[in-house]
Structures are given as C-alpha cells and as structure tokens.
1. Of the residues that sit in region 141-153 and are within 14 Å of V105 (Cβ to Cβ) and crowded, with 16+ Cβ neighbours inside 10 Å, which one is nearest to the chain's Cα centre (by Cα)?
2. Enumerate the pairs (first residue in region 64-77 and more than 27 Å from V34 (Cβ to Cβ); second residue anywhere and polar (S, T, N, Q) and assigned to a strand (DSSP E or B)) with beta-carbon separation below 9 Å, excluding pairs fewer than 6 apart on the same chain, so at least 6 apart or on different chains.
3. Identify, from the list F50, F56, F36, the residue that is over 47 Å from the mean Cα position of the chain (by Cα) and part of a loop (DSSP other than H, G, I, E, B).
4. Would you confirm whether any residue within region 266-274 is modelled with pLDDT under 80, open to solvent by less than 60 Å² (accessible area, probe 1.4 Å), outside any helix (DSSP H, G or I) and more than 30 Å from V83 (Cα to Cα)?
5. From V156, V161, V166, grab the single residue that is open to solvent by less than 60 Å² (accessible area, probe 1.4 Å), over 30 Å from V63 (Cβ atoms) and touching a residue at least 60 places away in the same chain (Cβ under 8 Å).
6. Within region 32-58, count every residue that is surrounded by fewer than 10 Cβ atoms within 10 Å (Cβ to Cβ) and basic (K, R).
7. From the residues in region 78-115 that are in contact (Cβ under 8 Å) with a residue 40 or more places away in the chain and assigned to a loop (DSSP other than H, G, I, E, B), which one is surrounded by the fewest Cβ atoms within 10 Å (Cβ to Cβ)?
8. What number of residues within region 1-31 satisfy the criterion of being open to solvent by 70 Å² or more (accessible area, probe 1.4 Å) and either free of Cβ contacts under 8 Å to residues at least 24 places away in the same chain or not in a helix (DSSP H, G or I) (or both)?
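The values are calculated or read from the model by the stated rules, or taken from the named source; none is laboratory data. These figures come from a predicted structure and were not determined experimentally. Cβ coordinates were reconstructed from backbone atoms using ideal geometry, including for glycine residues, and neighbour counts include every protein chain displayed. These area figures cover heavy atoms from the full protein model, side chains too; ligands, DNA and RNA do not enter into them. Shrake-Rupley method; radii C 1.70, N 1.55, O 1.52, S 1.80 Å.
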Amino acid sequence: MVEALVATAVAVGSAGIVYVMAAARVVKQYERGVVFRLGKLRGSVRGPGFTLILPFADRLHKVNMQIVTMPVPAQDGITRDNVTVRVDAVIYFKVVDPADAVVQVEDYRFAVSQMAQTSLRSIIGKSDLDDLLSNREKLNQGLELMIDSPAMGWGVQIDRVEIKDVSLPETMKRSMARQAEADRERRARVINADAELQASKKLAEAAGVMSQQPAALQLRLLQTVVAVAAEKNSTLVLPFPVELLRFLERAAPLPAAEAPAPAVEAVEAEASAPEASGAEAHSDLGIEGPPMEPPSIP
C-alpha cells in the first residue's frame, strides 16, 4: 500500500514537472508575450519574466519592443522638375501595441518596409531636385507622416525617417558643377567691380585733396620713387607730371610792383639817347644853337 502511494506520488510529481516544463515560458525585458488559446487571442499581454501557458492549447508569440532600424532600398524616381534620381533612406520604428502587431498585419516589418518604399517614391515625384538636396528636413517630416498614418493601425509607431543619399546622373553632376562655377565667377566679378568702384571714389577724394595742396603731389611722387627704388631695379622710369611744373611756377612768382619799372626806365633811356648824341656831335663841330634836323627826302 505504501509502495503504491509512493509510486503514485512519484508519477504525479513527474507529471507535474513535465507540465511545468511544457507550460513554462520566459519573456525578456524588451519583449511582450501575446497568448492565443485555441486560436483565440487572450485579453492580457504577458509582461517580462516567468509565465505559464496551457500546454497544447496556448501559443505564446513574443514581440520585440525595441526600436528597429530598417534601411529602405534605393528607389529610382523622377522629380517634379524632370530629373532622374536615386534615393535611399533609413527608418526607425517600434511596436507600441503587441496585440495589433500580431493580429492586424501578417508581418509588420515587411509591411513597414513596403510602405516606406512606396512613400519614398511618392515623395520623390512631388519634390524638386533642390528640395531633395537642400531641404531634406521638410521631406523627412513629410515621409514620416506618410508612413506613420497606416502604421498606427498595425500597432507600430514611426520614430524617425531620414533620407540618406541622393544619387544624380553624371550629366546632371557636370551641369551642376558648371552652374556652381558660373555662379562663383559672377560673384567674383561683382566683388571686383565693387572694389573698383570704392577705389575710384577714394582716388577721386585723394585727387580733390591734392588739388587743394599742390605739395602733396610732389610728396606722392617722391614716395613712388622710394617704392620703386626698393625693388632693386636697374632701370627707373620716373614720370614728370605737368602739374609739378605748374607747382614750381607758382612757387616763385615775380613781384608785380617791381616788374614794370625797369621796362619804363629802359624806354625813357632809349628815347633820350638820340637827343644826347645829336647835341654832343653839334658841339664838337663848333656850331652854336640847336642841332640841325636832317633834310627830309620827298
């Protein structure tokens, strides 16, 4: 009798151990368990840790709750301004409702991937090339909204979508390079023209100052000579402006009051010289009286 009880206890214990081993499940911290009993969804989602299910009647599906990083394959498309491009992206998403992720969609990863590809092709057709190259933040937000709307029904939340790379044809790259080069050349010419304008204004101001002070022109000429002589040149070409001659002419003018006097005295001396010579000749001949005038020839 005792042996039968012991054998029964051992059998029950062995059956319990087998049941526990068959029913025991471990759910990790980043996972959630969804239980189906005879094909019907159980109301509660199993949390992390040790849990038991009914063997042969329950099935436990573990759903990863971590953020998934999924690359979107490169998609060929034509932009709104008729440029062929190849764009690839990356999408970050996570499961927020494990039951919907298992029940509402067959494979939520594959569904998110296909939705990302179609949305990327759609966003390429609606955008210009300049937007793809320079305004990616706005395109990322639009792409995130396009994917997130259907994904919410699958128990999936889209965290972020980023466009990784935009590949252009070689002809378009060369055209853009020529455009950038032409734009830089235009800006360089505008800067040079602005510099010439400012320099001309400064030269005009300098010319106005030098016209008021003629000595400044001579000082500037001497500075130029010093600058040229410092270069160890064997030949020195020195410009001699006409303004310098005018400056030297104005530097030492003749007095206006004294200049006419010598001329007047010279004229008076020339006028009295013939009379004096005639009187002296008449006195030498011993003839008194005024000197005789020379006969006039008809």
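1. It comes out as I147.
2. Close Cβ pairs (under 9 Å, with a partner that is polar (S, T, N, Q) and assigned to a strand (DSSP E or B)) amount to A74/S167; D76/T84; G77/T84.
3. Numbers: F50 fails: part of a loop (DSSP other than H, G, I, E, B); F36 fails: part of a loop (DSSP other than H, G, I, E, B).
That would be F56, the only listed residue that is over 47 Å from the mean Cα position of the chain (by Cα) and part of a loop (DSSP other than H, G, I, E, B).
4. no
5. Values: V156 fails: over 30 Å from V63 (Cβ atoms); V161 fails: over 30 Å from V63 (Cβ atoms).
Result of the check over V156, V161, V166: V166.
6. The number of residues fulfilling the criteria is 1.
7. Taking region 78-115 as the starting set, the residues that turn out to be in contact (Cβ under 8 Å) with a residue 40 or more places away in the chain are 78-81, 83-105, 108-109, 111-113.
Now narrow it down to the ones that are assigned to a loop (DSSP other than H, G, I, E, B): 79-81, 83, 96-97, 104-105.
Numbers: T79: 19, R80: 12, D81: 10, V83: 17, V96: 14, D97: 19, Q104: 14, V105: 18.
Among those that are in contact (Cβ under 8 Å) with a residue 40 or more places away in the chain and assigned to a loop (DSSP other than H, G, I, E, B), it is D81.
8. The total comes to 16.
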